[in-house]
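Structure first, commentary second.
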Amino acid sequence: MSDKITLKVLCAELGVDPRLAREKLRIAVREPKKYPNLSKGHKPRQPWEWAKGSSAETEARTALAS
């Protein structure tokens, strides 16, 4: 079992369109005060993935739910 969770998995769990999810995450990354771990964890041109149970994953879920 992988210790990473991808955007595809999050989208399936939350019922969110992947294209819309990427857009929401790009906006969230630009708000480091609101999503500090998400902003630190993502590098441009890299896949959206997080360690399971990490604070960055929690922030990603929060950003996608909003």
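Since every read-out is calculated from the coordinates, none of them should be taken as a lab result. Values in this document were obtained by computation on a predicted structure and should not be read as measured data. Neighbour counts run over all protein chains shown; Cβ positions are idealised from the backbone, glycine included.
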When every residue in region 23-60 that is basic (Lys, Arg) and out of contact with any Leu (no Cβ under 7 Å at 6 or more places or on another chain) is compared, the one nearest to Asp3 (Cα to Cα) is Lys52
Answer yes or no as to whether Lys40 is exposed (fewer than 15 other Cβ atoms within 10 Å of the Cβ), outside any helix (DSSP H, G or I) and basic (Lys, Arg). no
State the number of residues belonging to region 43-58 that are in contact (Cβ under 8 Å) with a residue 24 or more places away in the chain and either surrounded by 15 or more Cβ atoms within 10 Å (Cβ to Cβ) or not in a strand (DSSP E or B) (or both). 6
Among residues of region 1-44, those that are over 11 Å from Ala63 (Cβ atoms), in contact with a helix residue (DSSP H, G or I) (Cβ under 9 Å, 6 or more places away or on another chain) and of a type in the set (Asp, Glu), counted: 2
So, in region 12-26, how many residues would count as being in a helix (DSSP H, G or I) and in contact (Cβ under 8 Å) with a residue 12 or more places away in the chain? 5
